[in-house]
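Remarks on the structure that follows.
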Amino acid sequence: MPQAVLRIDTLPEGALAAASRFHAEWLPRVLAAIANAEDGLVIVMPPAAYDHRDWRLAAVRDLARKAAPKRVNLVAGGSGEALAEALAYLDRAPGVTGQYLPLISKGDSHAGGIAAG
């Protein structure tokens, strides 16, 4: 069964400001989406610099523990095709939860992401 998807379109560029906004403005929506989801939730965020990794990973891990047995994962960046592939993978991987998956698309030069597309 497909997981619900919650898209967060914009966050501040700085890691501290982005984490603050996520927790203050988006966390209540994330918790509501998890409560309404049958299987789990994939949070989709825009790409971010390396210094966002820690807060994003901590948030998704804590959310996954709180939501169990529902799954919660976070996907960031990538093109439409890369995102579609990541969402399809997560739908087929019922044991994957609490993961932060930064994506890159073909031709991107960003290091640290999972190549897709």
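Between Glu38, Glu13, Glu25, the distinction of being in a loop (DSSP other than H, G, I, E, B), more than 13 Å from the chain's Cα centre (by Cα) and under 21 Å from Ala64 (Cβ atoms) belongs to Glu38 only.
Out of Ala82, Ala67, Ala76, one residue alone is touching a residue at least 24 places away in the same chain (Cβ under 8 Å), surrounded by 18 or more Cβ atoms within 10 Å (Cβ to Cβ) and closer than 14 Å to Leu41 by Cβ. It is Ala67. Checked against (1) among the aliphatic types (A, V, I, L, M); (2) closer than 20 Å to Met1 by Cβ; (3) surrounded by fewer than 20 Cβ atoms within 10 Å (Cβ to Cβ), Ala49 passes all but condition (2). Here Gly40 meets each of (1) open to solvent by 10 Å² or more (accessible area, probe 1.4 Å); (2) on the phi > 0 side of the Ramachandran plot with one exception, condition (1). I need a count of the residues in the range 1-43 that are more than 18 Å from Asp54 (Cα to Cα) and basic (Lys, Arg). Residues that pass the stated criteria total 2. Ala32 fulfils the conditions (1) touching a Lys or Arg at 6+ places or on another chain (Cβ under 9 Å); (2) small (Gly, Ala, Ser); (3) open to solvent by 10 Å² or more (accessible area, probe 1.4 Å) except for a single criterion, (1).
Does Val96 qualify as being assigned to a loop (DSSP other than H, G, I, E, B), within 12 Å of Gln3 (Cβ to Cβ) and touching a helix residue (DSSP H, G or I) at 6+ places or on another chain (Cβ under 8 Å)? Walk me through how you get there before you give the answer.
Values: assigned to a loop (DSSP other than H, G, I, E, B): yes; within 12 Å of Gln3 (Cβ to Cβ): yes; touching a helix residue (DSSP H, G or I) at 6+ places or on another chain (Cβ under 8 Å): yes.
When the stated conditions are applied, Val96 passes them.
If you filter the range 50-93 down to residues that are at pLDDT 95 or above and part of a strand (DSSP E or B), you find that the one that is nearest to Glu38 (Cα to Cα) is Arg71. Met1 - would you say it is at pLDDT below 95 and aliphatic (A, V, I, L, M)? Against the criterion (at pLDDT below 95 and aliphatic (A, V, I, L, M)), Met1 qualifies.
The values are calculated or read from the model by the stated rules, or taken from the named source; none is laboratory data. Quick caveat: nothing in here was measured; it's all calculated off a predicted structure. No Cβ is skipped: glycine too gets one built from the backbone with ideal geometry, and neighbour counts run over all protein chains shown. Surface areas here come from the heavy atoms of the whole protein model, side chains and all, with no ligands, DNA or RNA. Shrake-Rupley method; radii C 1.70, N 1.55, O 1.52, S 1.80 Å.
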